[in-house]
Amino acid sequence: MRNRYPVWKNLLILTVLAFGIIYSLPNFFGEDPSVQLSPNRGAKVDQSTAIQVEKLLADAKLKAKKVELNDKRVLVRFADTDSQIKAEEILKMGLGDNYTVALNLAPATPGWLRAVNAQPMYLGLDLRGGVHFMLQVDMDAAVLQAQERYAEDIRTLLRENKIRYLGVERDKSTILVKFQDGQTMAQAREVIKKEIRGLQLELVEAENTVKVKIGEVEIREVRKLAVAQNITTLRNRVNELGVAEPVIQQQGEDRIVVQLPGVQDTARAKEILGATATLEFRLVDSEHVIGPDDKAPLGSRIYSDRSGRKILLQRKIIVTGDQVVDASSGLDQQSGSPAVFISLNGTGAKKMADTTKENIGKAMAVVYIENKTETRELNGEKVTSKKKVEEVINVATIRDRFSKRFQITGLDTTDEARNLALLLRAGALAAPVDIVEERTVGPSLGKENIEQGERSFLIGFALVAVVVLLYYKAFGVIANLTLVFNMALIMAILSMLQATLTLPGIAGFTLTVGMAVDANVLIYERIKEELRNGVSPQAAIYAGFDRAFATIFDSHITNLLAAIMLFGIGSGPVKGFAVTLTIGIITSLFTAVTCTRMMVNWVYGEKRGVKLWI
């Protein structure tokens, strides 16, 4: 009797193991202290940007390990953190407001691994350091804003249908629409019921009033959308800052968790999360020109676009960003050029309709306004300064009258259209947020957590390896090799998934070592039992693997069910532990049974009358 796998099965197992080794390697190369440059609105990164960065660093006598350029950022790697911090200040001063300069830790993965998209695992807040916030979304304010929006929609709807009303007022959770007589009231009720969905209407005969309440389903949807839009807004702000691997997710019905690994300045993080932004739509003043000394004529104002070109706009504001309820990017059906599709509330729709009707053929501009708070260190003290940024992000010709829904064309690329839609849709928070929990994890503590986690794993692995080696001899060597392969596969899968490794995740690694070797113990003990029963070595090997599999499979399924329950019920670090444990259970089943048998077959499978060193 011979124990051997067919060639295709050996090749398949070796391919999986090679995959595990290659995609786990990036985790062993560490990280480089880096400075990341991301373009702000209107700016671009190209070869000239990289050259400018290199010149600024050379003038300051700072040596960079490498300057990397791609279509979205410039990454400058340094050998130490001192050079990194100095370079940040130099680049901020030299590049101005066109770029966001952020500190980063960039993986030092070799180019040949990056070529096959091999990347290291992300490190969580407890391993890398950073700041953690728990934000509470003001749901009452979100519902209140919805009520105000519906009140404006009702006013616009009644005016469009030429229904006279005495007033539209809000009373706590109710909108009161008052009329002169009951007939007008009944007519208005039917119009409102037909045109505006999600509302509950009630007639008050004695007072000639329609009571309007937002339905419970609509209220739930408003609250849900408020949290979702706030998450989008926060994520866009954090991404613009250049923070690596941020965690922004909903917790419960009205809370948002924000984790910024690598950020140690809590004040700066608060500035990012609490930043305010809005938009204004204005007509371009095409009848006048900018006077000498940049003097604007009466009734107009001078703005600059993203390239620095000065544009003369009328002082009268058509619509503000607060009246934009939705925006999305796409293509114009007629020309196929990039476009942004915008939805306004009732008030904005009326103003936009009246203005565009009278100004067809003229140009309209979109002005982006942001109030920025910057904290800089001056003479050893942190000084906070505020500045207001106003820039024209789009100028388009009015082709036709539009009101609630319209589109903006004249954009250069689809990326620009997406960015503009993003600014319109997520320029401001949908509802106010309050920071209810805040904590900072220092980089030294994160480093200490990594060292302790690695130490516990290595000690556990070494003890298991020594015991298995002493007890099972040659078969112990095979078991230890499968343990190494198992760890490589777990790291490879986590890296491919770009999962975030936390301290509980390292605990999952350590626990997996024990579970993986359990399967080998079951197989080896079964082989020894068969040998004691007097069967041949080859038959003992075959029976050991064959009869131990059911027990191994049952134990792994039990552990897998426990891990799934942990993932479903737990949150945060518990989920991280559950993910690592689940992957470890699956890989250990593969390595302990398949890989171990392949290596045993290589050593003993072709030999007759051999003595098993077990």
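Structure above, values below:
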| item | result |
| --- | --- |
| Residues of the range 307-321 classified as modelled with pLDDT under 80 and surrounded by fewer than 16 Cβ atoms within 10 Å (Cβ to Cβ), total | 1 |
| Looking only at the range 468-485, and only at residues there that are of a type in the set (A, V, I, L, M, F, W, C) and under 44 Å from the mean Cα position of the chain (by Cα), the one that is surrounded by the most Cβ atoms within 10 Å (Cβ to Cβ) | Ala479 |
| The listed residue being surrounded by fewer than 20 Cβ atoms within 10 Å (Cβ to Cβ) and of a type outside the set (Val, Ile, Thr), out of Phe553, Phe509, Phe577 | Phe553 |
| Residue count, the range 521-545 (criterion: more than 17 Å from Ala479 (Cα to Cα) and under 48 Å from the mean Cα position of the chain (by Cα)) | 0 |
| Sole residue being at pLDDT below 80, touching a strand residue (DSSP E or B) at 6+ places or on another chain (Cβ under 7 Å) and of a type in the set (A, V, I, L, M), chosen from Ala43, Ala50 | Ala43 |
| One residue from Leu344, Leu331, Leu298 being over 35 Å from the mean Cα position of the chain (by Cα) and of a type in the set (A, V, I, L, M) | Leu298 |
| Scope the range 498-533; condition at pLDDT below 85 and not in a helix (DSSP H, G or I); matching residues | Gln498, Ala499, Thr500, Leu501, Thr502 |
| Test: residue in the range 102-112 that is of a type outside the set (A, V, I, L, M), touching a residue at least 24 places away in the same chain (Cβ under 8 Å), at positive phi and part of a loop (DSSP other than H, G, I, E, B) | no |
| Where a residue in the range 435-446 is assigned to a loop (DSSP other than H, G, I, E, B) and its partner, wherever it lies, is at pLDDT 70 or above, with Cβ under 7 Å and at least six apart | Gly442/Gly129 |
| Residue within the range 529-547 that is crowded, with 22+ Cβ neighbours inside 10 Å and touching a Pro at 6+ places or on another chain (Cβ under 7 Å) present | no |
| Checklist (1) in contact with a Ser or Thr (Cβ under 8 Å, 6 or more places away or on another chain); (2) not in a helix (DSSP H, G or I) applied to Gly576, failing item | (2) |
| Subset of the range 16-57 that is aliphatic (A, V, I, L, M) and over 17 Å from Asn70 (Cβ atoms) - its residue that is surrounded by the fewest Cβ atoms within 10 Å (Cβ to Cβ) | Ala18 |
| Looking only at the range 71-89, and only at residues there that are within 15 Å of Ala106 (Cα to Cα) and either β-branched (Val, Ile, Thr) or without any contact (Cβ under 8 Å) to a residue 24 or more places away in the chain (or both), the one that is surrounded by the fewest Cβ atoms within 10 Å (Cβ to Cβ) | Thr81 |
| Elements of type strands (runs of 3 or more DSSP E) in the range 124-236, at least 2 residues being modelled with pLDDT of 80 or more | 130-137, 167-171, 174-178, 209-214 |
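The values are calculated or read from the model by the stated rules, or taken from the named source; none is laboratory data. None of these values were measured; they are calculated from a predicted model. Backbone-built Cβ (ideal geometry, glycine too); neighbour counts: all protein chains shown.
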